[in-house]
Amino acid sequence: MSNGPVFRFAPSPNGRLHLGHAYSACLNQHLAAQVGGTLLVRIEDIDIGRARPHFIQAIFDDLDWLGVTYARGSLRQSDRFDAYAQALTQLRGMGFVYPCWATRAEIRNHIIDQPGGLAAWPRDPDGGYVYPNLYKRLSDWERRALMWENRDYAWRIDIDALQAVAEDKNGGPIFFTACDALNMETEIETRVDARPFGDIVIARKDIPTSYHLSVVLDDAYQNVSHVVRGQDLLAATHIHRLLQIVLGLPAPVYTHHPLLRAIEGRRLSKTAGDNSFRALELAEITAGDIRRHLPPPLGDGHYEDFLV
């Protein structure tokens, strides 16, 4: 492991990289170079239902074509399920985690039956409906009976308890440090409050982790000092700081960069079918062309020319 600053680019192998990934990867490389740091590539493949092995090599091929330099050798999250399970057991032992058998349909139907229905129900920072605590206050007997039925379930974390214990352990309010991508010397301290998320899913019956748990464990394991990722994950940082404190993990410095968006305004994504940046090669567009048109501080921001 490097003794200097460590950055990481952490894609999921469920499709080819698009221009949004190109910006994040190149920005990580750029900021790491500014401080004499190391860039790691981590393969986030805990979603075993969507991950595809052939996309793992494609990630490295795409990064090499783009000219991104990174430390050779990568961590695959699917190799670390034992570490995630151990941390989940630790959180359960602290009394933060409980099993939940609610399906999406069950949650939605419960909310519809409440006064005001879906329109009046609180949304979390990511826009989803806050979990209505359907299985939170069961007795031990009731939980054992449901376990015997062998139905699918998820592990949810009691976010109020997690916030309270983390603040107590911290000796007061919790903050995370965020830097501006245009000026890494500009730091903003943000007070942490994850309670608007409600009791999020922290793991599943067959997968002993979620993004939230695996990312804080892997960042600590890899000595990541700087997390540079999209603004869509800014709110999740509140959850991550709480987990870092209760699990005794170090806190990186965060930078949340703007998202690249399609012509109609939505953010670029694989699920929306946005073309990979390697597909531009067929139009005789070079890696240099792409880098020159990425947003600042890398280029002039005219990447929309590649979306038509």
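The values are calculated or read from the model by the stated rules, or taken from the named source; none is laboratory data. This is a predicted model, so every value here is computed, not measured. Cβ coordinates were reconstructed from backbone atoms using ideal geometry, including for glycine residues, and neighbour counts include every protein chain displayed. In case anyone asks, the SASA skips ligands and DNA or RNA and just uses the protein heavy atoms, side chains included. Shrake-Rupley method; radii C 1.70, N 1.55, O 1.52, S 1.80 Å.
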Next on the checklist: On a 1.4 Å probe surface of the protein chains, which of Arg144, Arg229, Arg72, Arg278 comes out largest in accessible area, and what is the full order?
Outcome noted: Arg72, Arg144, Arg278, Arg229
Checklist outcome for this item: the stretch 68-91 scanned against label point 7 Å out from Asp168 along Cα→C-beta; backbone N under 17 Å for 91
Checklist outcome for this item: log10 I(q)/I(0) for the stretch 169-221, Debye formula on C-alpha points only (no solvent), q = 0.17, 0.22 Å⁻¹, two decimals, reads -0.83, -1.06
Next on the checklist: Just to verify a number: what accessible area does Met147 come out at with the full protein assembly present, 1.4 Å probe, Å² rounded to tens?
Outcome noted: 70
Next on the checklist: Please report the equivalent ellipsoid semi-axes of the stretch 47-176, computed as sqrt(5 x eigenvalue) of the Cα gyration tensor, largest first, in whole Å.
Outcome noted: 34, 21, 20
Item to check | DSSP bridge pairs, the stretch 1-159: antiparallel proportion in percent, nearest 5 | outcome: 45
Checklist entry - What is the mean projected area of the alpha carbon convex hull for the stretch 213-254, to one decimal in square nanometres? => result 2.6
Checklist entry - Hey, any idea what % of the chain's accessible area is carbon plus sulfur with a 1.4 Å probe? => result 50
Checklist entry - Please report, for the Cα atoms of the stretch 136-195, the Rg to one decimal and the Dmax as a whole number; what are they, in angstrom? => result 19.1, 56
Checklist outcome for this item: Row for the chain, column shape: gyration tensor on C-alpha, a ≥ b ≥ c, rounded if a/c < 1.5 i.e. under 1.5, prolate if a/b over b/c, else oblate; value prolate
Checklist entry - Ordered by packing density, taken as the mean number of other Cβ atoms within 10 Å over each peptide's residues, highest first, how do 165-172, 150-157, 221-228 rank? => result 221-228, 150-157, 165-172
Checklist entry - How far, in nm, would the chain grow between Ser139 and Asp206 when pulled straight, counting 0.36 nm per residue and subtracting the alpha carbon separation? => result 21.8 nm
Next on the checklist: Rounded to whole Å, give me the distance from the Cα center of the stretch 15-53 to that of the stretch 106-177.
Outcome noted: 31
Checklist entry - Is it possible to state the helix-based mean residue ellipticity at 222 nm for the chain, with each DSSP H run of 4+ residues giving -39500 (n - 2.57), the sum divided by total residues, to the nearest 500 deg cm²/dmol? What is it? => result -10000 deg cm²/dmol
Checklist entry - Picking from Asp64, Asp160, Asp199, which is most flexible by a Gaussian network model of the chain using Cα springs under 10 Å? => result Asp64
Item to check | Rounded to 5, the percent of DSSP beta bridges in the chain classed as antiparallel | outcome: 55
Checklist entry - Counting only protein chains, not ligands or nucleic acids, how are Asp180, Asp289 ordered by accessible area (probe 1.4 Å), most first? => result Asp180, Asp289
Checklist entry - How much length is gained if the chain between Asp82 and Ala283 is pulled fully straight, taking 0.36 nm per residue apart and subtracting their Cα-Cα distance, in nm to one decimal? => result 67.9 nm
